[in-house]
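In what follows, a structure is listed as structure tokens, so that the remarks can point back to it.
Nothing in this text is a laboratory measurement; each read-out follows from the coordinates by a stated rule. Source: prediction; values computed, not measured. A quick note on method: Cβ atoms are made from the backbone with ideal geometry, for glycine too, and the neighbour counts reach across all protein chains shown.
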Amino acid sequence: MVAELGHELWIGDPAEIRAREPRRQKTDERDAEHVRDLLARGQFPRIWVPSVEERDARQLLKYRNKLVQMQTSVKNQLHYLAMSQGLCRKRRLWSAKGRAELEALSLGPWASQRRQELLELLEGLEPKIERLNEAVKAEAERRADCQELMKVKGVGPVTALAYVLTVGPVSRFRNSRALVSYLGLNPRQHSSGGQQKLGHISKQGNQRLRWLLVEVSHSAVQHDPELRRKYQRLKFRRGRSVAQVAVARHLAVCLYWALRQASQTPPPVRTSGSPGSAVVDESPSRV
């Protein structure tokens with residue numbers, strides 16, 4: 001609300017603010033003085049805050065994600081009703097033939113009512129999700145950074161827009177390792193006494209973006225032969241889940257460098273007639 005009124009809003013990292021205060025006493029007056037001192041010294045740990053438009057675009061992705069989850073839940077319930085009668089068609093259940101077989105199943109009164117209402121709910125969700133997909137595609141095509149990310153094989157408008165809105169300005173990450181840690185794709189570590197022990201990923205980041213990167217890894221493996229070999233090698237050694245997370249981390253790094261290269265200004269192109277040195281001296285003239 002403060003930002004919408006035209007004021008510049010600063011939000012600090014609470015963990016770093018508290019870590020820079022050595023005293024054990026905590027009161028509102030001490031906290032206010034501590035924040036004031038950090039601002040005066042230029043040491044306030046400011047964090048990135050998305051704009052009003054970016055927060056509204058996040059609502060678009062969240063709304064679409066919720067509807068997709070509802071659609072998946074409805075399909076799973078219809079699969080259950082079909083398999084309870086010995087009908088297992090998997091994806092073919094949603095074809096015209098599979099839909100006719102599902103509606104022709106002989107069920108009890110309440111099961112028939114459940115099937116009918118679930119089918120009506122599914123028919124109502126599909127056009128809504130399609131409209132949201134078109135809105136996400138239009139928003140991604142409007143942004144230059146999303147267009148750069150969609151050049152990566154397997155990355156579509158949903159993943160590109162979610163990546164841009166979650167990561168923000170890529171310049172705030174000093175390297176790709178910081179970005180991987182921000183997304184929670186780095187392994188947990190407990191090393192001491194010369195012994196290194198790594199665990200599962202930390203998951204200290206945006207859960208929706210991690211899920212999207214894992215989903216994109218399936219299509220990226222099919223389009224990129226080198227990435228497919230890496231996936232198959234890790235799958236043989238560590239299992240499918242570990243291989244999928246490793247590919248998701250690889251994609252996160254690739255998208256990071258795509259944004260970094262797109263944000264850097266290209267050097268001036270020298271032509272054949274360009275002088276080898278500057279014509280005008282850049283040093284200040286003395287009068």
TODO: Name the one entry in 111, 138, 178 that is closer than 29 Å to residue 202 by Cβ, loosely packed, with under 15 Cβ neighbours inside 10 Å and among the small types (Gly, Ala, Ser).
DONE: 178
Task: Enumeration of residues in segment 52-77 that are touching a residue at least 40 places away in the same chain (Cβ under 8 Å) and small (Gly, Ala, Ser) - done: 57
Open item on the list: Which residue is nearest to residue 61 (Cα to Cα), if the candidates are limited to segment 168-214 and must be touching a residue at least 24 places away in the same chain (Cβ under 8 Å) and among the basic types (Lys, Arg)?
Closed with: 208
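Restricting attention to segment 201-234, report how many residues are in a helix (DSSP H, G or I) and either among the acidic types (Asp, Glu) or surrounded by 19 or more Cβ atoms within 10 Å (Cβ to Cβ) (or both).
Residues in segment 201-234 being in a helix (DSSP H, G or I) and either among the acidic types (Asp, Glu) or surrounded by 19 or more Cβ atoms within 10 Å (Cβ to Cβ) (or both): 12 in total.
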Task: Scan of segment 117-132 for residues that are surrounded by fewer than 13 Cβ atoms within 10 Å (Cβ to Cβ) and under 18 Å from residue 59 (Cα atoms), ordered by number - done: 130, 131
Open item on the list: Considering only residues that are of a type in the set (A, V, I, L, M) and either in a strand (DSSP E or B) or within 21 Å of residue 169 (Cβ to Cβ) (or both), which ones fall in segment 28-49?
Closed with: 47, 49
Open item on the list: Going residue by residue through segment 52-74, is there one that turns out to be assigned to a loop (DSSP other than H, G, I, E, B) and exposed (fewer than 15 other Cβ atoms within 10 Å of the Cβ)?
Closed with: no
